[in-house]
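Asker: Pasting a structure here, questions to come.
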Amino acid sequence: MHFTIQCVDKPDSLELRLATRPKHLDYLNAHKDAFLLVGPVLDGEGKPRGSLYVVDMPDRAAAEAFAKGDPYAQAGLFESMVIRPMRVVFKDGQQVAG
(Lines give C-alpha, C1' and ligand atoms only; values in the text may rest on other atoms or scores of the structure.)
Protein backbone atom coordinates (compact mmCIF):
# COMPACT_ATOMS: atom_id res chain seq x y z
CA MET A 1 0.00 0.00 0.00
CA HIS A 2 1.24 3.48 -0.78
CA PHE A 3 1.53 6.27 1.78
CA THR A 4 2.62 9.88 1.81
CA ILE A 5 4.57 11.07 4.81
CA GLN A 6 4.66 14.87 5.01
CA CYS A 7 6.96 16.40 7.61
CA VAL A 8 7.46 20.06 8.51
CA ASP A 9 10.66 21.08 10.29
CA LYS A 10 10.57 23.09 13.48
CA PRO A 11 11.48 26.76 12.97
CA ASP A 12 15.19 27.58 12.97
CA SER A 13 16.21 23.92 12.79
CA LEU A 14 18.46 23.92 9.71
CA GLU A 15 21.57 23.23 11.80
CA LEU A 16 19.91 20.17 13.37
CA ARG A 17 18.86 18.94 9.93
CA LEU A 18 22.38 19.30 8.56
CA ALA A 19 23.99 17.66 11.60
CA THR A 20 21.59 14.69 11.39
CA ARG A 21 21.70 14.33 7.59
CA PRO A 22 24.44 11.62 7.37
CA LYS A 23 22.48 9.28 9.69
CA HIS A 24 19.27 10.16 7.84
CA LEU A 25 20.80 9.25 4.47
CA ASP A 26 22.12 5.94 5.87
CA TYR A 27 18.60 5.19 7.13
CA LEU A 28 17.07 6.03 3.76
CA ASN A 29 19.58 3.85 1.92
CA ALA A 30 18.61 0.93 4.16
CA HIS A 31 14.94 1.37 3.13
CA LYS A 32 15.31 2.53 -0.48
CA ASP A 33 13.40 -0.40 -1.97
CA ALA A 34 10.20 1.00 -0.42
CA PHE A 35 10.48 4.46 -2.02
CA LEU A 36 8.54 5.90 -4.91
CA LEU A 37 9.74 9.45 -4.19
CA VAL A 38 11.66 11.01 -1.32
CA GLY A 39 13.16 14.44 -0.81
CA PRO A 40 13.24 17.68 1.13
CA VAL A 41 10.52 20.30 0.80
CA LEU A 42 12.08 23.72 0.25
CA ASP A 43 11.17 27.18 1.46
CA GLY A 44 11.06 30.29 -0.73
CA GLU A 45 14.85 30.65 -0.49
CA GLY A 46 15.54 27.06 -1.55
CA LYS A 47 16.44 25.85 1.96
CA PRO A 48 15.02 22.61 3.37
CA ARG A 49 11.87 23.20 5.44
CA GLY A 50 10.53 19.67 5.66
CA SER A 51 10.47 16.26 4.01
CA LEU A 52 8.14 14.38 1.70
CA TYR A 53 8.14 10.61 1.37
CA VAL A 54 5.98 8.55 -0.96
CA VAL A 55 6.49 4.97 0.15
CA ASP A 56 5.20 1.48 -0.54
CA MET A 57 4.68 -0.25 2.81
CA PRO A 58 2.67 -3.32 3.81
CA ASP A 59 0.33 -1.28 6.03
CA ARG A 60 -0.04 1.93 8.00
CA ALA A 61 1.77 0.49 11.01
CA ALA A 62 4.84 -0.15 8.84
CA ALA A 63 4.69 3.39 7.43
CA GLU A 64 4.43 4.82 10.95
CA ALA A 65 7.35 2.68 12.17
CA PHE A 66 9.46 3.80 9.23
CA ALA A 67 8.64 7.48 9.88
CA LYS A 68 9.33 7.23 13.62
CA GLY A 69 12.62 5.42 12.97
CA ASP A 70 13.99 8.19 10.75
CA PRO A 71 16.94 9.89 12.48
CA TYR A 72 15.35 13.25 11.68
CA ALA A 73 12.26 12.27 13.67
CA GLN A 74 14.33 10.80 16.48
CA ALA A 75 16.39 14.01 16.70
CA GLY A 76 13.20 16.05 17.14
CA LEU A 77 13.55 17.91 13.83
CA PHE A 78 9.89 17.77 12.85
CA GLU A 79 7.21 20.16 14.04
CA SER A 80 4.54 17.97 12.46
CA MET A 81 4.19 14.70 10.58
CA VAL A 82 1.15 13.55 8.61
CA ILE A 83 0.86 10.02 7.20
CA ARG A 84 -1.88 9.32 4.67
CA PRO A 85 -2.66 6.42 2.35
CA MET A 86 -2.66 7.22 -1.35
CA ARG A 87 -3.41 5.60 -4.66
CA VAL A 88 -0.92 5.99 -7.49
CA VAL A 89 -2.63 6.76 -10.80
CA PHE A 90 0.41 7.86 -12.84
CA LYS A 91 3.98 6.63 -12.40
CA ASP A 92 6.98 7.32 -14.60
CA GLY A 93 4.76 9.07 -17.14
CA GLN A 94 2.38 6.14 -17.49
CA GLN A 95 -1.13 5.67 -16.17
CA VAL A 96 -1.05 2.65 -13.84
CA ALA A 97 -4.58 2.83 -12.35
CA GLY A 98 -7.98 4.16 -13.32
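The values are calculated or read from the model by the stated rules, or taken from the named source; none is laboratory data. Small disclaimer: the values here were computed from a predicted structure and weren't measured. All Cβ positions, even for glycine, are placed from backbone atoms using ideal geometry, and neighbour counts span all protein chains on display.
Asker: Output the residues belonging to the range 42-65 that are out of contact with any Phe, Trp or Tyr (no Cβ under 9 Å at 6 or more places or on another chain) and in a strand (DSSP E or B).
Answerer: Matches in the range 42-65: Leu42, Pro48, Arg49, Leu52.
Asker: Looking at the range 66-98, which of its residues are without any contact (Cβ under 8 Å) to a residue 24 or more places away in the chain and either in a strand (DSSP E or B) or more than 12 Å from the chain's Cα centre (by Cα) (or both)?
Answerer: Result: Gln74, Val89, Phe90, Asp92, Gly93, Gln94, Gln95, Val96, Ala97, Gly98.
Asker: Using beta carbons and a limit of 6 Å, which pairs, at least six apart or on different chains, have the first residue in the range 32-44 and charged (D, E, K, R) and the second one at pLDDT 95 or above?
Answerer: Asp43/Arg49
Asker: Identify the residue in the range 70-84 that is touching a helix residue (DSSP H, G or I) at 6+ places or on another chain (Cβ under 7 Å) and farther than 13 Å from Ser13 by Cβ and, among all such residues, is surrounded by the most Cβ atoms within 10 Å (Cβ to Cβ).
Answerer: Here the residue is Asp70.
Asker: Taking the condition of being at pLDDT 95 or above and either of a type in the set (A, V, I, L, M) or at positive phi (or both), how many residues in the range 51-88 meet it?
Answerer: 17
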